[in-house]
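Undergrad: Got a structure for you, written out below as structure tokens; questions coming shortly.
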Amino acid sequence: MFLRALLAFLMVPVVVAGIVPFTLALYDPFKGTGSLAGGLLLAIGLAILLWCVRDFYVSGKGTLAPWDPPKHLVTVGLYRYVRNPMYVGVLLILSGWIIITASPILIGFSVFMSTAFFFRVKLHEEPWAEKLFDAQWQEYKQHVPRWLPQLKAYYPEQ
């Protein structure tokens with residue numbers, strides 16, 4: 001299972017948050033002089049992403065890949081504060097890239113990815129979780145916001 005998790009990580013977020021933005025910025029004729037300050041957002045986003053991948057693997061017994069999703073609802077770690085921390089992490093990475101490269105094309109790409117994430121969550125992931133985890137999902141959804149983290153951690157009743 002570790003190899004499946006590693007492969008999923010390399011195929012999905014490394015491409016979306018690494019290879020694509022790097023390539024777009026490299027060939028963006030409109031980019032300006034960026035700032036290395038974006039490295040902080042990029043690092044925070046990467047830490048969030050890695051933490052979530054670990055939680056999917058350990059607690060969920062699955063990967064972040066759509067073809068090998070978690071078998072258990074993940075409500076540990078950052079998932080206690082926000083339902084989609086992995087997407088939040090990727091968007092922080094993309095924001096870091098934007099600041100580092102000052103690329104308007106990356107702004108467009110990030111807006112596109114934000115929209116794609118919203119519709120993927122709303123139209124696919126949430127209905128899937130509701131179908132698979134039923135009452136557990138309903139309880140979790142009621143207490144944890146979709147995108148903006150809350151300050152109080154959610155601890156499901158055992």
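Undergrad: Being open to solvent by 40 Å² or more (accessible area, probe 1.4 Å) and part of a helix (DSSP H, G or I) is the filter; apply it to the range 1-14 and report the residue that is nearest to Ile105 (Cα to Cα).
TA: Once the filter is applied, the top-ranked residue is Val14.
Undergrad: Looking at Ala47, Ala17, which one is at pLDDT 90 or above and crowded, with 22+ Cβ neighbours inside 10 Å?
TA: Ala17
Undergrad: Under 9 Å by Cβ, and 6 or more places apart or on different chains, what pairs join a residue from the range 123-139 that is farther than 15 Å from Tyr87 by Cβ and of a type in the set (Asp, Glu) with one that is at pLDDT below 95 and surrounded by fewer than 12 Cβ atoms within 10 Å (Cβ to Cβ)?
TA: So the pair list comes out as Glu139/Glu157.
Undergrad: So, restricting to helices (runs of 4 or more DSSP H) that lie completely within the range 69-158, which ones have at least 3 residues that are open to solvent by 50 Å² or more (accessible area, probe 1.4 Å) and at negative phi? Step through it out loud before you land on a result.
TA: Details: elements: 85-101, 104-120, 126-143.
The qualifying helices (runs of 4 or more DSSP H) are 104-120, 126-143.
Undergrad: From the set of residues in the range 20-36 that are open to solvent by less than 70 Å² (accessible area, probe 1.4 Å) and either part of a helix (DSSP H, G or I) or among the small types (Gly, Ala, Ser) (or both), which is farthest from Leu94 (Cα to Cα)?
TA: Gly32
Undergrad: If you don't mind, another one. For the structure I just gave you, tell me whether Phe117 is under 18 Å from Pro69 (Cβ atoms) and of a type outside the set (Lys, Arg). Reasoning before the result, please.
TA: Values: under 18 Å from Pro69 (Cβ atoms): yes; of a type outside the set (Lys, Arg): yes.
Taking the combined requirement at face value, the residue satisfies it.
Undergrad: Let me ask you something else. Inside the range 62-114, can you point out the residues that are free of Cβ contacts under 8 Å to residues at least 12 places away in the same chain and under 15 Å from Thr23 (Cα atoms)?
TA: Hits for the range 62-114 are Ile107, Gly108.
Undergrad: Another question, then. Inspect the range 52-67 for any residue being modelled with pLDDT under 95, surrounded by 14 or more Cβ atoms within 10 Å (Cβ to Cβ), assigned to a loop (DSSP other than H, G, I, E, B) and of a type in the set (Ser, Thr, Tyr) and give the result as yes or no.
TA: yes
Undergrad: With respect to the numbered conditions (1) at pLDDT 95 or above; (2) farther than 30 Å from Tyr27 by Cβ; (3) β-branched (Val, Ile, Thr), which one is the sole condition not fulfilled by Thr101?
TA: Condition (2) is where Thr101 drops out.
The values are calculated or read from the model by the stated rules, or taken from the named source; none is laboratory data. These numbers come from a predicted model, not from an experiment. With ideal geometry, Cβ positions are generated from the backbone for all residues, glycine too; neighbour counts draw on all protein chains shown. All accessible areas refer to the heavy atoms of the entire protein, side chains included, with ligands and DNA or RNA removed. Shrake-Rupley method; radii C 1.70, N 1.55, O 1.52, S 1.80 Å.
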